[in-house]
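Below: the structure, in structure tokens.
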Amino acid sequence: MKVVVTGAAGQISYSLIPFLCENGIFKSNEKIDFSLVEIPSAMEKLSGFVKELEDSAYSNINSISVHDNINSAVEDADWCLLVGSIPRGIVLNGKEIKERADLLKINGGIFTEQGKAIGSKAKDSCKILVVGNPANTNALIGCTNANNPSQKWMAMTMLDALRAKAQVALKLQVHADDIYRLAIFGNHSPTMFPDLENALLDGEIVYKKINDHDWVEHKFLPKIQQRGAEIIQSRGASSASSAARAACETVSSVENSTRSGDVFNAAILSDGSYGVAEGVFSGFPLTSDGMGNINIVRDFSLSEFAKSRIALTSHELVEERELVKDLL
């Protein structure tokens, strides 16, 4: 099984690749052929990481190749994990990249190239997870330029879902794994909407168990929406280990069938479900049959409050699409 990881010398990949070597992540028992991609200036750092992977002697790694060119990396790929992207705040050509429009366009060029390469060179059955932010619209750019409808493109919202489960578990003093059907709608941004109205704990609706709308609206939602910024403030760097774990959980959720009565979280191309604009990559509650088929769960009942929050994040995704329309 060939697995491509971009941004392979970065912090997230440093945790992600060992996670992917755990048994049971991939349904196939094939050993993994890792194809690791970096920009030329980071290849020396990547070589050091490869030495560590070799020294770890993972039983399920067959081979490791390194590339500074996406075209050579993705030939016959089964999975592409697109972790590398240009972060907000970086200085390029003497200018600090702060504005969302600049960030989208700079990353757009990267994901245009990657999309074209994956669409033409990776397997038609290839599954692609975009982790690098702004992930939803990066996925839209990549998917559009891949122009290969047989491939499955996703953007990561699993980190938001895991964060939401963790906060609910702390509030209700339960284990996060006991929470079912917690879904993230919309963009991986401060407009995302983590829904508790359809989440279940012991068969009861989580929102009703909490029984405190003020906590949900004014504490829970801002906590999840701003958790990334909170971590940056605390550790001086963005989420790395938790982002890697979420990416690994997404791969596992696609590769294996969803547990009965539950959903998994990722952003896929919207068909208009739940009032989300068509043609943007939005988070939805999903299920996988473990055979490569992913479906939106369509039985969620939403209050007017939930609908208004979903409309807000949908509007932002449409704005982002408009900003990169020349790349689509």
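The values are calculated or read from the model by the stated rules, or taken from the named source; none is laboratory data. Just so it is clear, the structure is predicted and the values come from calculations on it, not from any experiment. Note: accessible area is taken over every heavy atom of the protein model, side chains too, but ligands, DNA and RNA are not part of it. Shrake-Rupley method; radii C 1.70, N 1.55, O 1.52, S 1.80 Å.
Could you compute how much accessible surface residue 303 exposes when probed at 1.4 Å, giving the result in Å² to the nearest 10?
For residue 303, the solvent-accessible surface is approximately 40 Å².
Quick check: at a probe of 1.4 Å, how many percent of the accessible area of the chain sits on carbon and sulfur atoms?
C and S atoms contribute 48 percent here.
Shape of segment 172-328 from its Cα gyration tensor (a ≥ b ≥ c, root eigenvalues): rounded if a/c is under 1.5, otherwise prolate when a/b > b/c, or oblate?
The shape class here is rounded.
On a 0 to 90° scale, report how tilted helix 100-121 is relative to the longest principal axis of the chain, with both axes built from alpha carbons and the result rounded to the nearest 10.
Helix 100-121 sits at roughly 60 degrees to that axis.
According to the square roots a ≥ b ≥ c of the eigenvalues of the Cα gyration tensor, what is the shape class of segment 201-275, taking rounded for a/c under 1.5, prolate for a/b larger than b/c otherwise, and oblate for the remainder?
oblate
Helix 158-172 versus the longest principal axis of the chain: what is the Cα-based angle in degrees, 0 to 90, to the nearest 10?
40 degrees
Sequence gap at least 6, Cα distance under 8 Å: using those rules, report the relative contact order of the chain to the nearest whole percent.
Rounded, it is 18 percent for the chain.
Nearest 10 degrees, 0 to 90: what angle lies between the long axis of helix 43-56 and the longest principal axis of the chain (Cα atoms)?
Value to nearest ten degrees: 80.
Which shape class, rounded, prolate or oblate, goes with segment 6-134 when its Cα gyration tensor gives a ≥ b ≥ c as root eigenvalues, a/c under 1.5 marks rounded, and past that a/b bigger than b/c marks prolate? Before the final figure, lay out each step's value.
Working: a/c = 2.06, a/b = 1.51, b/c = 1.36.
Judged from the Cα gyration tensor, segment 6-134 comes out prolate (a/c at least 1.5, a/b above b/c).
Please list 22, 304, 217 in order of solvent-accessible area, largest first, computed with a 1.4 Å probe with all protein chains present. Kindly include the intermediate steps, with their values, before the conclusion.
Working: 22 75, 304 130, 217 50 Å².
The most accessible residue leads, giving 304, 22, 217.
How much accessible area does residue 259 have with a 1.4 Å probe, in Å² rounded to the nearest 10?
Around 80 Å² of this residue is reachable by solvent.
Excluding residues on the same chain fewer than 8 positions from residue 152, give the lysines whose Cα lies under 19 Å from its Cα.
Partners found: 2, 27, 116, 121, 123, 127.
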